[in-house]
Amino acid sequence: MTEIDKVRKNLNAWMNAFNERDIETLFTLYDPESLYANAGAAMMQGIEEIKPWYEGMFASLEGSLLFKEEHAFQHGGLALLVGKYCFQPPEGQAPSNNAAGRVALVYRKAEDNRWLLLFDMDNTPPDCTPTDFS
């Protein structure tokens, strides 16, 4: 397994924890110095700031998060995954216009050789729509 495959393994575990709303597992996948730059919120730094934001979001979030990788880079102890995301609504509901976007995820290799999410930045550009996931 390559190093970038190990990064993808972290992302897959993150996606599973997110979609199961498993906040405790989700934050085992974060670097303690993580930064989160959400398109609709102020920058957050550290698990202590990021975790409550997710807890609040999970309380009202419906549906599942999907991801399509567009680019992947790894050099030394840092890696970058770039891709499109989409919130798939529960069955029978139409997707909202702001349900899709692009994300840049930076990972750092920890001393125990695990890849942990260090920086998460998303945006909602016009070339990302829910139809990208049809």
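The values are calculated or read from the model by the stated rules, or taken from the named source; none is laboratory data. Fair warning: this is a prediction, and the values are worked out from it, not measured in the lab. Backbone-built Cβ (ideal geometry, glycine too); neighbour counts: all protein chains shown. All accessible areas refer to the heavy atoms of the entire protein, side chains included, with ligands and DNA or RNA removed. Shrake-Rupley method; radii C 1.70, N 1.55, O 1.52, S 1.80 Å.
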Nearest 10 degrees, 0 to 90: what angle lies between the long axis of helix 3-19 and the longest principal axis of the chain (Cα atoms)? 40 degrees
Could you check how much of the accessible area of the chain is carbon and sulfur, as a whole percent, using a 1.4 Å probe? 53 percent
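Using a 1.4 angstrom probe, figure out how much accessible area the chain has per residue, in square angstrom, rounded to the nearest whole.
Numbers: 7560 Å² over 134 residues.
Heavy-atom SASA per residue in the chain reads 56 Å².
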The chain: calculated mean residue ellipticity at 222 nm from DSSP helix runs of at least 4, using -39500 (n - 2.57): -7500 deg cm²/dmol
Please find the FRET efficiency linking residue 2 to residue 33, where r is the Cβ-Cβ separation and R0 is fixed at 25 Å, and quote it to the nearest 0.05. 0.50
Please report, for the Cα atoms of the chain, the Rg to one decimal and the Dmax as a whole number; what are they, in angstrom? 14.5, 45
For a test of understanding, tell me how many lysine pairs in segment 1-104 have Cα atoms under 18 Å apart, given they are 8 or more places apart or on different chains. 4
